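Colleague: Supplied in structure tokens, the structure appears directly below.
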Amino acid sequence: MATASLSIDLDAITANWRALDRLSGPGVQTAAVVKADAYGLGAARVVRALAQVGARRFFVALAEEGAAVRQALGPGPQINILSGHMAGDTEMLHDLDLTPMLNSLEQITRHLEALPGHPFGVQLDTGMNRLGVELAEWQAVAPILLEADPVMLMSHLACADEPDHPMNLRQLEMFHEMTDGTGLPRSFAATGGILLGPQYHFDLTRAGIGLYGGRPFDLSQRVVTLSLPVIQTREVAMGETVGYGNAWEAETPAVIATVAAGYADGLLRALGNGAVLWDGDTPCPLVGRVSMDLITVDVTHLKEVPKALDILGPHQTVDDIADVAGTIGYEILTSLGPRYTRRYTEARG
Ligand SMILES: *Cc1c(COP(=O)(O)O)cnc(C)c1O
């Protein structure tokens, strides 16, 4: 079988949620961020597993993603839409009971006119300048808006993965300035913010990457294993080259395994001539360029060519691979393509 297998440990995800929930502290709820199909791992299975251990609030980027989460969970859990109330979303927000985080005066007007009485939150811009209502606008609309009883006021940190960055405190002060005295539930921290400490937690934290085993939550359990089938092996003589652009040349006679996954599956081209795959505990260097559907791996030193090689596993995390490619774990996870067979493991089977 030439389909690579992506194993997703749902017990590790739920354990990571529990750990982040403990870190969030007593009296603070911990929401699960499951945008982009739960960071590429499959939102339906992930949200059901999380709901079973007590997660009640979920965040996605788009209303369409919210619809998929509602379908997986049924009525009850709160599903929040970070992009807010976009034109054309009204019916979906209403019919599927999705809660938009309103980001602008335009969205606020749209929401209050189209869906009066329908729950919403407000996203405030505390300095990231990406999404959210700015201070001056907020001061103008807050008195009216607070009467409509938002379910929460939220904002997002720009530099939470750098604990000593002065931006964190600046944004914290701005968030206090914009929300103190409103009496409304507040949400400020994603994974990085949870690790910054209790003054960043407020009422609801929003855990994303930490659930999936990524930095900066260094104590997280590993979630993904990616095992890639070897589909051909060949012996190359000294001086022969491998792959596009003759990008690797054998300095000694070598045995090269051709493995069925490429950049169309999220193995970024930047991994060429740099990454390592694993046969159990033995590292095997990726040689030559990454093709669309294939990579080539030097297995000269193995006694036997294995049926598959791991690129994500006990010896190599999404962040390790991200470091080789010059990117972040988030991009590695969300790039894992649709061609992998996703296999889910959980204790109760
Ligand atoms: C993606 C996102 C999160 C989750 O962030 P992580 O770093 O993955 O924990 C939380 N809040 C907002 C607004 C986001 O866009």
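The values are calculated or read from the model by the stated rules, or taken from the named source; none is laboratory data. It should be emphasised that the depicted structure is a prediction, and the values quoted were computed from it without experimental measurement. Every residue, glycine as well, gets a Cβ built from its backbone with ideal geometry; the counts of neighbours run over all protein chains shown. To get the accessible areas, we keep the full protein, side chains included, count just its heavy atoms, and leave off ligands, DNA and RNA. Shrake-Rupley method; radii C 1.70, N 1.55, O 1.52, S 1.80 Å.
Colleague: If I ask for residues that are crowded, with 22+ Cβ neighbours inside 10 Å and away from the ligand (no atom under 16 Å from the Cβ), which ones from the stretch 200-226 would you list? Explain how you work it out, then say what you get.
Modeller: The first filter runs over the stretch 200-226 and keeps only residues crowded, with 22+ Cβ neighbours inside 10 Å, leaving 200-202, 204-214, 217, 220, 223-224, 226.
Scanning the stretch 200-226 gives a single hit, 226.
Colleague: To continue, here is another question. How many residues does the stretch 148-173 contain that are out of contact with any helix residue (DSSP H, G or I) (no Cβ under 7 Å at 6 or more places or on another chain), open to solvent by 10 Å² or more (accessible area, probe 1.4 Å) and in a helix (DSSP H, G or I)?
Modeller: Residues of the stretch 148-173 out of contact with any helix residue (DSSP H, G or I) (no Cβ under 7 Å at 6 or more places or on another chain): 149-152, 154, 156, 162, 164-167, 169-171, 173.
From what's left, open to solvent by 10 Å² or more (accessible area, probe 1.4 Å): 149, 151, 156, 162, 164-167, 169-170, 173.
Next, only the ones that are in a helix (DSSP H, G or I) stay: 166-167, 169-170, 173.
Final tally of qualifying residues: 5.
Colleague: Continuing with the same structure: Out of the stretch 160-199, which residues are among the polar types (S, T, N, Q) and within 16 Å of the ligand (Cβ to nearest atom)?
Modeller: Residues satisfying the conditions are 168, 171, 179, 187, 191.
Colleague: Sticking with this one: Considering only helices (runs of 4 or more DSSP H) fully contained in the stretch 1-80, which possess at least 2 residues that are away from the ligand (no atom under 13 Å from the Cβ) and open to solvent by 10 Å² or more (accessible area, probe 1.4 Å)?
Modeller: 10-24, 43-52, 63-73
Colleague: Checking the condition open to solvent by 30 Å² or more (accessible area, probe 1.4 Å), assigned by TED's automatic domain parsing to the domain that holds residue 308 and touching a strand residue (DSSP E or B) at 6+ places or on another chain (Cβ under 7 Å), which residue from 251, 235 passes?
Modeller: Matching residue, one of 251, 235: 235.
Colleague: Condition (residue is at pLDDT 95 or above, of a type in the set (Asp, Glu) and either more than 23 Å from the chain's Cα centre (by Cα) or part of a strand (DSSP E or B) (or both)) applied to the stretch 248-260: is it met by at least one residue?
Modeller: Step one: list which residues in the stretch 248-260 are at pLDDT 95 or above, which gives 248-260.
From the residues that got through so far, the ones that are of a type in the set (Asp, Glu) too are 249, 251.
Among the residues that remain, those that are also either more than 23 Å from the chain's Cα centre (by Cα) or part of a strand (DSSP E or B) (or both) are: 249, 251.
Yes: the stretch 248-260 contains one or more residues that are at pLDDT 95 or above, of a type in the set (Asp, Glu) and either more than 23 Å from the chain's Cα centre (by Cα) or part of a strand (DSSP E or B) (or both).
Colleague: So is residue 145 assigned to a helix (DSSP H, G or I), in the same structural domain as residue 33 (by TED's automatic domain parsing), within 16 Å of residue 25 (Cβ to Cβ) and hydrophobic (A, V, I, L, M, F, W, C) or not?
Modeller: No: the conditions fail for residue 145.
Colleague: Going by the structure shown, is residue 267 part of a loop (DSSP other than H, G, I, E, B), touching a strand residue (DSSP E or B) at 6+ places or on another chain (Cβ under 7 Å) and open to solvent by less than 50 Å² (accessible area, probe 1.4 Å)? I'd like the intermediate steps shown before the answer.
Modeller: Values: part of a loop (DSSP other than H, G, I, E, B): yes; touching a strand residue (DSSP E or B) at 6+ places or on another chain (Cβ under 7 Å): yes; open to solvent by less than 50 Å² (accessible area, probe 1.4 Å): yes.
It is true that residue 267 is part of a loop (DSSP other than H, G, I, E, B), touching a strand residue (DSSP E or B) at 6+ places or on another chain (Cβ under 7 Å) and open to solvent by less than 50 Å² (accessible area, probe 1.4 Å).
Colleague: Out of 135, 112, report the one residue that is over 21 Å from residue 206 (Cβ atoms), surrounded by fewer than 16 Cβ atoms within 10 Å (Cβ to Cβ) and in contact (Cβ under 8 Å) with a residue 12 or more places away in the chain. If you could, list the steps in order and put the result at the bottom.
Modeller: Numbers: 112 fails: surrounded by fewer than 16 Cβ atoms within 10 Å (Cβ to Cβ).
Just one listed residue meets the conditions, 135.
Colleague: Would you pick out the residues in the stretch 183-199 that are under 18 Å from residue 27 (Cβ atoms) and either surrounded by fewer than 16 Cβ atoms within 10 Å (Cβ to Cβ) or touching a strand residue (DSSP E or B) at 6+ places or on another chain (Cβ under 8 Å) (or both)?
Modeller: 183, 184, 185, 186, 187, 188, 189, 193, 194, 197, 198, 199
Colleague: Mind checking which residues of the stretch 294-325 are open to solvent by less than 70 Å² (accessible area, probe 1.4 Å), away from the ligand (no atom under 16 Å from the Cβ) and not in a strand (DSSP E or B)? Working first, answer last.
Modeller: Keep residues of the stretch 294-325 that are open to solvent by less than 70 Å² (accessible area, probe 1.4 Å), which gives 294-300, 302, 305-306, 308-313, 316-322, 324-325.
Pick out the ones that are also away from the ligand (no atom under 16 Å from the Cβ) and you get 294-300, 302, 305-306, 308-313, 316, 320-321, 324-325.
Selection gives 294, 299, 300, 302, 305, 306, 320, 321, 324, 325.
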